[in-house]
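Structure first, then comments.
The values are calculated or read from the model by the stated rules, or taken from the named source; none is laboratory data. Since the structure is predicted, the reported quantities are computational estimates derived from the model, not experimental observations. Here the Cβ positions follow ideal geometry from the backbone for every residue, glycine too, while neighbour counts run over all protein chains shown. With ligands, DNA and RNA removed, areas are computed over all heavy atoms of the protein, side chains included. Shrake-Rupley method; radii C 1.70, N 1.55, O 1.52, S 1.80 Å.
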Amino acid sequence: MLGCLKNPVVVTVEINMNLVALTVIGLISRLWGLSYPRAVVFDEVYYGQFVSLYMKRIFFVDDSGPPFGHMLLALGGYLGGFDGNFLWNRIGAEYSMNVPVWSLRLLPGLAGALCVPLAYQILVELQFSHCAALGAALLVLLENSLITQSRFMLLESILIFFILLAVLSYLKFYNLQRDSFFSGSWWFWLLLTGVACSCAVGVKYMGLFTYMLLLTIAGVHFWHMIGDRNLSNVSLMCHFLARGLALIIIPVAMYLSFFYVHLTLLYRSGPHDQIMTSAFQASLEGGLARITQGQPLEVAYGSQITLRNVLGKPMQCWLHSHTNTYPIRYENGRGSSHQQQVTCYPFKDVNNWWIVKDPGMQQLVVSNPPRPVRHGHIVQLVHGITTRYLNTHDVAAPLSPHSQEVSCYIDYNISMPAQNLWRVEIVNRESDMDVWKTILSEVRFVHVNTSAVLKASGFFGASLPEWGYRQLEVVGEKLSKGYHQSMVWNVEEHRYGKSQEQKEREVELHSPTQMDISKNLSFMAKFTELQWKILTLKNEDTEHKYSSSALDWITMDTNIAYWLHPTSGAQIHLLGNVVTWASANIAALVYACLSLWYLIRRRRKIYDIPEDAWQLWVSAGGICVGGWAVNYLPFFLMEKTLFLYHYLPALTFQILLIPIVLQHLGNHLCRSLLLKSMFSALVVAWFSSVYLVYRTFSPVTYGEPSLSVTELKDLRWKDSWNILIQKQ
């Protein structure tokens, strides 16, 4: 038994020194002097606001994408002890001492540094030589634009890291499946592929492009497996289920978990929650929750309510009335009913209060016990301050002549009777017996006489003129014109009316029951609403000084000035390595031309290269050219303000293609020893020029040392570049 102790326990570890060296150099290039400049750099002014809100647990909505990337930046702030107290209002503003600059920039820097060894490993897994892999890693290492983007509190380097990790993981999984199905390492790399894809999408929706590319490649590979008669039907089904679990189910589950953590962390009300529904707002601590806490849940006859339009964009608004009437004649000569105006008002106001009245009774108070209003019930809505009834009739609305005017009825003793009966329809009901609930129920009011639906139409056109105080128009819209969210309302504030006296009614604030809306709003309900807001809420795109078109990116005809020192003239620009960008374009062109040539020749049964070399060439193109295409071409279809940094994920794939093309040319086109020697010498000279350009532009990549006016002018290699020259 003790015999096993006679020999020592030996552990053998293989260390790839290329990987170690590349990782160390990558860390130095990205993390050196990371706290410089100690000032807000370009989009740090944007992302920093969200980091502060995370630190203070205040809810926000960012229409640029999912929350995972923001949470990673906030993690850096948390690790550095940031309290969130900094005013992110100006690029170039000096950071106060409470802002842990190095910690906030650490995770993007680490992600950018790790892209260097990832590039190396991807080419190794694509079955290219270690020399080609080393070349790819060094090109990523010396790419000025990637360095700049990874040294600040920005998301592109994190996005690229997860994209490359997903590609590498899938390649390792694919190479393993030739020998070891369902082994531990096989499962590890397959699961990591799905996790990395989910993280990429969670950082920015641009990650979805690479995710779809990998799903397509996985589908093609599985299609080839179906033709393998050595695999049984059971084995094929197991492979299919494993891929479905790892590449679809787990990424979806992780994506949901990002929002779960996001909503768990941000439980306090803030300025951004105003665009959310009343139910969502009431689930947050403070804000609307302070108002709605203690409100009755069920709307009853005699309830005093405010009605908020569910659409909520471009602004929230509440059903409103005031003593002013519609003008007898509008500017275009059309006449009106001269009844009391009804509008949708974008601010909380006492004139937003209405009383739900039973048409068969005169009382405006809640009985004991309360009689709840249900789906399909007929009600009258009485304006709380003026006590006039909500009314609509066959009179054209002021701004929407094809719709009916909505007013509060005034009896002028003319042949225009009141038409003030409304049927309550609960849109999100579970049954036809559902009770109308505060905040939770979304309702339509259908006019009994004309079947018109109460609608806030001011969202789609101009606001009312001066006589309507620029408030939003409310109309009666025929149901035949279709359903729209602007026809749906929910009760936001609610109390049970107890006094018949008008004076007392205006001030009563009775709160008979306790209600916690947050318990009635599930995570999936909150996720669905927040996801919809992210996808549909778009800020007005304005022309930016440094915005560009997708065509400008290929030839790098544009740049972005990230930071300028106020006195020394030191500055940081998003500028790429000109030699690398030009070489990437040439490599893509050469790949396309050679591929077309090979295809035509193969069609004629002429095989210029061995079959294994052809398969290697195709698979490399699928990853590199495919990755470039899916991350670049969609921008031609996007209607948004574009910047040069949007091209960096596509550029990274194009950079990986350069050593692939070079190795292919050296192996298959340079057949003689002399040609191979000359080609190697050209590659060395070319790579030296890459390093020389990197060093030349390092001062505007790292922001130091500061350059003289003459040196700055010398860096303006293109007239379209905006190099900042301070006046002396």
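Label-to-label distance for S549 and M315 is 3.5 nm, based on points extended 7 Å past Cα in the beta-carbon direction. The phi torsions of the stretch 392-409, fed into the Karplus equation with coefficients 6.51, -1.76 and 1.60 and a -60° offset, translate into couplings of 9, 7, 7, 10, 5, 5, x, 9, 10, x, 8, 10, 8, 5, 10, 8, 9, 6 Hz, rounded to whole numbers, with Gly and Pro shown as x. Here's how it looks for A396: its modeled amide H is under 5 Å from those of E405, which are all 5 or more places away or on a different chain.
Helix 156-176 versus the longest principal axis of the chain: what is the Cα-based angle in degrees, 0 to 90, to the nearest 10? Tilt of helix 156-176: around 60 degrees.
Peptide packing for 230-239, 210-219 was compared via the average number of neighbouring C-beta atoms within 10 Å per residue; ordered from the highest value, the list is 210-219, 230-239.
Normalised size of the chain, defined as Cα radius of gyration per 2.2 N^0.38 Å with N residues, equals 1.22.
Cβ neighbours within 10 Å, averaged per peptide: list 703-712, 177-186, 688-697 in order, most packed at the top.
Details: 703-712: 14.4, 177-186: 11.6, 688-697: 16.2.
Result, highest mean Cβ count within 10 Å first: 688-697, 703-712, 177-186.
Across the stretch 12-23, computed HN-Hα scalar couplings (Karplus, 6.51 cos²θ - 1.76 cosθ + 1.60, θ = phi - 60°) run 9, 10, 9, 10, 7, 5, 4, 5, 4, 5, 5, 5 Hz from first to last residue, x flagging Gly and Pro. Taking the helices alone, the chain has a mean residue ellipticity at 222 nm of -14000 deg cm²/dmol, built from -39,500 (n - 2.57) per DSSP H run of at least 4 residues and averaged over all its residues. Karplus-derived 3J(HN,Hα) values for the stretch 257-262, using 6.51 cos²θ - 1.76 cosθ + 1.60 with θ = phi - 60°, are 5, 4, 6, 4, 5, 4 Hz; glycine and proline are entered as x.
Measure off, as a whole percent, the carbon and sulfur share of the 1.4 Å-probe accessible area of the chain, all protein chains present. Carbon and sulfur together cover 61 percent of it.
List residues of the stretch 695-717, by number, whose backbone nitrogen lies under 20 Å from a label position 7 Å along Cα→C-beta of W32. Counting only backbone N, you get 695-708. Taken per residue, the accessible surface of the chain reaches 45 Å², heavy atoms only and a 1.4 Å probe.
Can you give the Kirkwood hydrodynamic radius of the stretch 548-632 from its Cα pairs, in Å with one decimal? Before the final figure, lay out each step's value.
Working: mean 1/r = 0.0627 Å⁻¹.
It is 16.0 Å.
The protection proxy used here, the mean number of other Cβ atoms lying within 10 Å of each residue, ranks peptides 472-478, 340-346, 547-553 as follows, highest first: 472-478, 340-346, 547-553.
For a quick check of your reading of the filter: which chymotrypsin sites (Phe, Trp or Tyr not before Pro) in the stretch 582-667 sit in a DSSP loop and have no more than 13 other Cβ atoms within 10 Å?
Details: sites: Y591, W597, Y598, Y607, W614, W617, W628, Y632, F635, F636, F643, Y645, Y647, F653; in loops: Y607, F643.
Those that pass, being in a loop and sparsely packed, are Y607.
Computed on the stretch 33-120, with alpha-carbon pairs under 8 angstrom and 6+ residues apart, the relative contact order is 39 percent. For the stretch 42-96, trypsin sites (Lys or Arg not before Pro) are listed when DSSP marks them as loop and at most 11 other Cβ atoms sit within 10 Å of their Cβ; the list is R90. Against the chain, whose longest principal axis is taken from its Cα atoms, helix 673-702 shows a tilt of about 40°.
Sparse packing (at most 12 other Cβ atoms within 10 Å of the Cβ) combined with a DSSP loop state is found for the following chymotrypsin sites (Phe, Trp or Tyr not before Pro) in the stretch 1-67: W32.
With the contact rule set at Cα under 8 Å and sequence spacing of 6 or more, what percent relative contact order holds for the chain? List each step's numbers first, then the result.
Details: 1274 pairs, mean separation 99.5, N = 728.
Contact order relative to length: 14 percent.
The stretch 386-428 and the stretch 55-118 have their alpha-carbon centroids 53 Å apart. Relative contact order for the stretch 294-515: 28 percent, from Cα pairs under 8 Å spaced at least 6 residues apart, divided by residue count.
Any of K348/K478; K172/K640; K56/K204; K204/K526 with alpha carbons more than 26 Å apart? Name them for me. All intermediate terms of the calculation are to be shown ahead of the outcome.
On the way: K348/K478 28 Å; K172/K640 36 Å; K56/K204 23 Å; K204/K526 20 Å.
Correct reply: K348/K478; K172/K640.
Dimensions of the stretch 305-396 from C-alpha coordinates, computed as largest minus smallest value along each principal axis and given longest first, are 51, 31, 25 Å.
Here is the size of the stretch 294-515 from its Cα atoms: Rg then Dmax, 16.5, 52 Å. Pairing the Cα long axis of helix 233-244 with the longest principal axis of the chain, what angle in degrees results, from 0 to 90 and rounded to the nearest 10? Relative to the chain, helix 233-244 is tipped by roughly 70 degrees. Taking H as built 1.01 Å from N, whose amide H comes closer than 5 Å to the amide H of R371, not counting residues under 5 places away? Under 5 Å from the amide H of R371: Y301.
Once both labels are positioned 7 Å from their Cα atoms along Cα-to-Cβ, the gap between D714 and F182 label points is 6.6 nm. Expressed in units of 2.2 N^0.38 Å, where N is the residue count, the Cα radius of gyration of the stretch 1-135 is 1.51.
With both bridge residues required to lie in the chain, what share of the DSSP beta bridges run antiparallel, to the nearest 5%? Antiparallel bridges make up about 95 percent of those DSSP assigns within the chain.
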